[in-house]
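*Asks:* After the structure tokens below, expect a handful of questions from me.
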Amino acid sequence: MLDLETKRRTDMPGYFNYFSFGLSGYIDGLLLRVREAVFRLFMESFAPGPSDSVLDIGVSADDHISSNHFEKRYPYTARICALGIDHLPGLPRQFPGLRLVQADARVLPFRDASFDFVYSHAVIEHLGNRGQQAGFVREALRVARKGVLLTTPNRWHPVETHTGLPVLHYLPGTVYRAFYRAVGKGMYAREDKLNLLSARKLLSIAPAGARRLHRVRWLGMASNLVLVLRKA
């Protein structure tokens, strides 16, 4: 039998629909710490100023302690353009001055070099096959003048963060996706909804040059990969 908190999690809509096994408070805090570590990497890597514009790809309506962390922490809210796949009219009220755009991250509706920086937390793994993921990286670089930071969970961490399930994702895709469907995680059993990347795969779809891969660790292993791309 699932405990009540795990049952509540599995009934939740949206991204934060994972098995918590009674550890929801710990997991929520962990997700928040990861987002804070990524935010600090962005600030340290690029040192953006009040005149720099930022495109944040991946805002959402999820009601979670770590949701839209970039908007909560970035000191120049009016310089953010927030992009999501859903219509989110409440965000500009929550973050005054925020510009909100609804669009597909793989086909950005902006001209070349429209923003100084592009920031994207845990979006690329939801964009389909490797070709579509590579297209997303190209699009992010196209609209950025100075640099791009994007993150994704590490495929080789033993706990898969979208479901909360351990090690199943080490198995071939056809096998672990069948398990996901069997336990009610059909949303993440589709490649177009979840296609995890390792460090090697992430680097293989990013252009060579001025790039750096960082790792955020949990349980002594890299739980999240952070790719920083600089433009000349």
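The values are calculated or read from the model by the stated rules, or taken from the named source; none is laboratory data. As the structure is a prediction and not an experimental result, all values here were calculated from the model. Every residue, glycine as well, gets a Cβ built from its backbone with ideal geometry; the counts of neighbours run over all protein chains shown.
*Asks:* For residues in region 174-201 being assigned to a helix (DSSP H, G or I), aliphatic (A, V, I, L, M) and more than 16 Å from the chain's Cα centre (by Cα), which is surrounded by the most Cβ atoms within 10 Å (Cβ to Cβ)? Even if it seems obvious, please write down each step before you answer.
*Replies:* Within region 174-201, the subset assigned to a helix (DSSP H, G or I) is 174-182, 186-189, 199-201.
Applying the additional criterion that residues be aliphatic (A, V, I, L, M) yields 175, 178, 182, 187, 189, 199.
Pick out the ones that are also more than 16 Å from the chain's Cα centre (by Cα) and you get 175, 178, 182, 187, 189.
Details: Val175: 12, Ala178: 13, Ala182: 10, Met187: 16, Ala189: 20.
In this case the residue turns out to be Ala189.
*Asks:* Please tell me if Leu98 is of a type in the set (A, V, I, L, M, F, W, C) and farther than 20 Å from Ala144 by Cα. Steps first, answer last, please.
*Replies:* Numbers: of a type in the set (A, V, I, L, M, F, W, C): yes; farther than 20 Å from Ala144 by Cα: no.
The answer is no for Leu98.
*Asks:* Looking only at region 40-72, which residues are without any contact (Cβ under 8 Å) to a residue 60 or more places away in the chain and assigned to a helix (DSSP H, G or I)?
*Replies:* Arg40, Met43, Glu44, His69, Phe70, Glu71, Lys72
*Asks:* Among the listed residues Ala208, Ala222, which satisfies the condition of being closer than 25 Å to Val118 by Cβ and out of contact with any helix residue (DSSP H, G or I) (no Cβ under 8 Å at 6 or more places or on another chain)?
*Replies:* Values: Ala222 fails: out of contact with any helix residue (DSSP H, G or I) (no Cβ under 8 Å at 6 or more places or on another chain).
Going through Ala208, Ala222 in turn, the sole match is Ala208.
*Asks:* Go through the residues of region 202-217 one by one and say whether even a single one is basic (Lys, Arg), crowded, with 16+ Cβ neighbours inside 10 Å and under 23 Å from Leu31 (Cβ atoms). Explain how you work it out, then say what you get.
*Replies:* The initial filter retains those residues of region 202-217 that are basic (Lys, Arg), namely 211-212, 215, 217.
Remaining after also requiring crowded, with 16+ Cβ neighbours inside 10 Å: none.
Within region 202-217, not a single residue is basic (Lys, Arg), crowded, with 16+ Cβ neighbours inside 10 Å and under 23 Å from Leu31 (Cβ atoms).
*Asks:* Only one of these is touching a residue at least 12 places away in the same chain (Cβ under 8 Å) and either over 27 Å from Ser20 (Cβ atoms) or not aromatic (Phe, Trp, Tyr) (or both): Thr163, Thr174. Name it.
*Replies:* Working: Thr174 fails: touching a residue at least 12 places away in the same chain (Cβ under 8 Å).
Being touching a residue at least 12 places away in the same chain (Cβ under 8 Å) and either over 27 Å from Ser20 (Cβ atoms) or not aromatic (Phe, Trp, Tyr) (or both) holds for just one of Thr163, Thr174, which is Thr163.
*Asks:* Can I ask one more? Looking only at residues in region 77-93 that are in contact (Cβ under 8 Å) with a residue 24 or more places away in the chain and loosely packed, with under 15 Cβ neighbours inside 10 Å, which one is nearest to Phe136 (Cα to Cα)? Before you say what the answer is, go through the steps one by one.
*Replies:* As a first pass, look at region 77-93 and keep what is in contact (Cβ under 8 Å) with a residue 24 or more places away in the chain: 79-84, 86, 88, 90-91.
Those still in the list that are loosely packed, with under 15 Cβ neighbours inside 10 Å too: 86, 90.
Values: Asp86: 18, Gly90: 26 Å.
Selected residue: Asp86.
*Asks:* Looking at region 94-145 only, could you name the residues that are without any contact (Cβ under 8 Å) to a residue 12 or more places away in the chain and in a loop (DSSP other than H, G, I, E, B)?
*Replies:* Scanning region 94-145 gives a single hit, Pro109.
*Asks:* In region 15-39, how many residues are touching a Ser or Thr at 6+ places or on another chain (Cβ under 7 Å), at pLDDT below 85 and in a helix (DSSP H, G or I)?
*Replies:* Residues in region 15-39 being touching a Ser or Thr at 6+ places or on another chain (Cβ under 7 Å), at pLDDT below 85 and in a helix (DSSP H, G or I): 1 in total.
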